[in-house]
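Notes to accompany the following structure.
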Amino acid sequence: LVAGLFPYWFFRARFIEGRTWFERVLALPGVVPATIRVKVLHAAGGFDRIAGGLLRAEARAKEGEALARAGGDQSGRAKSLNLLAEIAEDREEHAAAAASRKPAHALFREVGDRFWMAVTTDGLGDLALVRQDINEAERRYREALALFAELGNEWGQASALKDLGQLAYRRGDFPLAASAWRESLHLNWRQHQPWHVEGRIESLAVVAAAIGDHGRAARLLGATAALSEVLGTPLPPRRRTALDPIVAVIRAELGDGFAAEWAAGRAMTIDEAVAEALLVVPVASATPAFDPARAAGLSARERDVLRLIADGRSNQAIAEAVFLSRGTVTKHVEHILNKLGVDSRVAAAAWAIRNGVA
């Protein structure tokens, strides 16, 4: 029963309640069948990851993978491997993520689990994005979207749309990004999935900041901060690193008005925050955009590195993404800081966001 309640707790963001019950089941002395224990380990590890407990999540996933492998439980093993891939991604350990996600995808294909095939197809898109293979990432995301649509799974469709929106944002196509994220938000909201709703409101806040609607961006981010506290879902370090420069830009643009806008957002109900987020509708430009990065004298490679800095990537993660040594990336970062006239990565990321380069 507890293992079967995982989808309810996950989609309704009742993570604390779920973790309490998972702990009780895992503490039972030797009476839980192996297949059930694998399911509970996967669920508990997933909730640990959401709460920021990556070490505990990893331990549960590894125990579940070993137990499933020993018992010939291919589905349970694949789910455990996929969780290990997600944990590795949170740590920006992209080689480890690939080493777990690819066999997970193959196992789901082997057992014919179309839902999890769609989930891992979307995850393969994430791996392509890390490699800066934008075309492959888009192909995978669209494939996942089609699979979820065939299954009638709106959560999955929302997830794939979220990733397609991220691709559009990286390309600087803010209208397309906002359109994908509004549709993703609509689907998550219709399914009463508050944790995912929080993420899409945050995405639309980022678009609002990019188009200069800083007041709305501050309100939306204030709303997501409050919702995150209520749900017990702190921002993963990777997302925090990417978001901090955006907040810095908003704060600088609003000055003394920032605190009031942020507080107004924190006071919003979730319904009000959703309604506010759906108002983020950028207008497409009819004229070619001025390229401030090129004007600053950045080479094409330096512009690529700057985008990854703004995405919150470490030098090692950037090196893996663009197939350079860490030392070469360090030199690129030094040149970027000098050319932009800034003294830190955070300042460079803020410059990129402010100038529409990220």
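The values are calculated or read from the model by the stated rules, or taken from the named source; none is laboratory data. None of the values given here were measured: they were computed from a predicted structure. When we count neighbours, we look across all protein chains shown, and the Cβ atoms used for this are built from the backbone with ideal geometry, even at glycine.
Just a few scattered comments:
- When 55, 5, 1 are checked against the criterion of being modelled with pLDDT under 75, of a type in the set (A, V, I, L, M, F, W, C) and surrounded by fewer than 15 Cβ atoms within 10 Å (Cβ to Cβ), a single residue qualifies: 1.
- Conditions (1) within 21 Å of residue 27 (Cα to Cα); (2) touching a residue at least 12 places away in the same chain (Cβ under 8 Å): number failed by residue 56: (2)
- Residue in the stretch 162-174 that is touching a residue at least 40 places away in the same chain (Cβ under 8 Å) and among the hydroxyl-bearing types (Ser, Thr, Tyr) present: yes
- Test: residue 86 is under 20 Å from residue 136 (Cα atoms), outside the structural domain of residue 163 (by TED's automatic domain parsing) and outside any helix (DSSP H, G or I): no
- The condition (being under 18 Å from residue 156 (Cβ atoms) and either in contact with a helix residue (DSSP H, G or I) (Cβ under 7 Å, 6 or more places away or on another chain) or buried (at least 20 other Cβ atoms within 10 Å of the Cβ) (or both)) is satisfied by just one residue among 69, 77, 140: 140.
- Count of the stretch 261-280 residues which are part of a helix (DSSP H, G or I) and not aromatic (Phe, Trp, Tyr): 13
- Any hit, the stretch 274-283, residues being at pLDDT below 90 and over 23 Å from the mean Cα position of the chain (by Cα): yes
- Among the residues examined, residue 22 qualifies as outside the structural domain of residue 198 (by TED's automatic domain parsing), in a helix (DSSP H, G or I), at pLDDT below 85 and over 18 Å from the mean Cα position of the chain (by Cα).
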